[in-house]
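Working notes, structure below.
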Amino acid sequence: MASPIQVLLIEGSESDARLVVRELKRGGYEPRWERVDTTAALQAAIQRQPWDLITCDWIMPGFGAPAALALLKEHGVEAPIIIISVEVGEEVAVTAMKAGAHHFVSKQRLTRLVPAVERELRETEVRRTRRRAEEALRSSERRYRRLFETAKDGILILDALTGQIEDVNPFLLQLLGYSREELVGKRLWEISPFKDVAENQEAFKELQAKAY
């Protein structure tokens, strides 16, 4: 069964665009596609909907890949961008990649298109998964920080190996009458309220052994 895919083709030639679509169909995709060849049309297309794949000719009359890539970058488009052009020189390819393209395929070798598409779609999904995980982690850290800062219990965070205080919440600072700077970096049994209390060191050893 063919895989549906939303494809935006930045291409000056209708016939070349259809060749790209035909190659995608041969590779097992079912493209719903749109061709644009001006700045205004490209801007309208990327604002109208998200795209799974964007292909772009390198040179078009009055428009071209450098301008298109700059606009895509400005709008934060995530879809993989594949340059499809007769221009395949190394200098052009390097320029395209630096400008934000993900791959470069020659119009004379369109059989290389589908493998490139498959690879870039996989890598795009990996990037999205990583970004979602990073966003979830940041959100979790923000929630933790709010709880830590507002808790009405004294909380110390200790290094599990050394027993050094890594963080302390405002409630405990107020309770003990210390500043954060006076506590962070010291071991629990080195600060005055707990100094030389052997039970503190024994409790820490138990914490290391049992993890609670």
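The values are calculated or read from the model by the stated rules, or taken from the named source; none is laboratory data. It should be emphasised that the depicted structure is a prediction, and the values quoted were computed from it without experimental measurement. With ideal geometry, Cβ positions are generated from the backbone for all residues, glycine too; neighbour counts draw on all protein chains shown. Surface areas here come from the heavy atoms of the whole protein model, side chains and all, with no ligands, DNA or RNA. Shrake-Rupley method; radii C 1.70, N 1.55, O 1.52, S 1.80 Å.
For every residue, the table says whether it meets (1) of a type in the set (A, V, I, L, M); (2) closer than 21 Å to P4 by Cα.
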{"position": "M60", "(1), (2)": "yes, no"}
{"position": "G64", "(1), (2)": "no, no"}
{"position": "L69", "(1), (2)": "yes, no"}
{"position": "L72", "(1), (2)": "yes, no"}
{"position": "G76", "(1), (2)": "no, no"}
{"position": "R119", "(1), (2)": "no, yes"}
{"position": "E123", "(1), (2)": "no, yes"}
{"position": "R127", "(1), (2)": "no, yes"}
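Which residue, of E23, E90, E30, is touching a helix residue (DSSP H, G or I) at 6+ places or on another chain (Cβ under 7 Å) and of a type in the set (D, E)?
Numbers: E90 fails: touching a helix residue (DSSP H, G or I) at 6+ places or on another chain (Cβ under 7 Å); E30 fails: touching a helix residue (DSSP H, G or I) at 6+ places or on another chain (Cβ under 7 Å).
Selected residue: E23, the only one of E23, E90, E30 that is touching a helix residue (DSSP H, G or I) at 6+ places or on another chain (Cβ under 7 Å) and of a type in the set (D, E).
Kindly indicate the residue of segment 30-58 that is open to solvent by less than 30 Å² (accessible area, probe 1.4 Å), of a type outside the set (A, V, I, L, M, F, W, C) and touching a residue at least 40 places away in the same chain (Cβ under 8 Å) and also farthest from T95 (Cα to Cα) among those meeting that condition.
Filtering first and then ranking leaves T55.
Answer with yes or no whether R22 is part of a helix (DSSP H, G or I) and not β-branched (V, I, T). First the steps, then the outcome.
Values: part of a helix (DSSP H, G or I): yes; not β-branched (V, I, T): yes.
Yes; evaluated as a whole, the condition is true for this residue.
In segment 119-132, is there at least one residue being closer than 30 Å to P170 by Cα, open to solvent by 70 Å² or more (accessible area, probe 1.4 Å) and of a type outside the set (A, V, I, L, M)? Give the derivation first.
If we filter segment 119-132 for residues that are closer than 30 Å to P170 by Cα, which is where we start, we get none.
No: segment 119-132 contains no residue that is closer than 30 Å to P170 by Cα, open to solvent by 70 Å² or more (accessible area, probe 1.4 Å) and of a type outside the set (A, V, I, L, M).
List pairs: first in segment 138-164 and touching a residue at least 40 places away in the same chain (Cβ under 8 Å), second of a type in the set (F, W, Y), Cβ under 8 Å, 6+ apart or cross-chain?
From residues that are touching a residue at least 40 places away in the same chain (Cβ under 8 Å), the pairs are L158/F204; G163/W189; G163/F204.
Go through segment 146-177 and give me each residue that's in contact with a Lys or Arg (Cβ under 9 Å, 6 or more places away or on another chain) and hydroxyl-bearing (S, T, Y).
T162
What residue, among those in segment 97-111 that are without any contact (Cβ under 8 Å) to a residue 24 or more places away in the chain, within 25 Å of A70 (Cα to Cα) and not hydrophobic (A, V, I, L, M, F, W, C), is surrounded by the most Cβ atoms within 10 Å (Cβ to Cβ)? Spell out the reasoning first.
Going through segment 97-111, the residues without any contact (Cβ under 8 Å) to a residue 24 or more places away in the chain turn out to be 97-98, 102-106, 108-109.
Within this subset, residues satisfying the condition of being within 25 Å of A70 (Cα to Cα) are 97-98, 102-106.
Then keep just the ones that are not hydrophobic (A, V, I, L, M, F, W, C); that gives 98, 102-103, 106.
Values: K98: 9, H102: 19, H103: 21, S106: 14.
The residue in question is H103.
Quick one: in segment 5-20, which of the residues that are within 24 Å of the chain's Cα centre (by Cα) and over 15 Å from V105 (Cβ atoms) is most open to solvent (accessible area, probe 1.4 Å)?
Checking each candidate, the answer is Q6.
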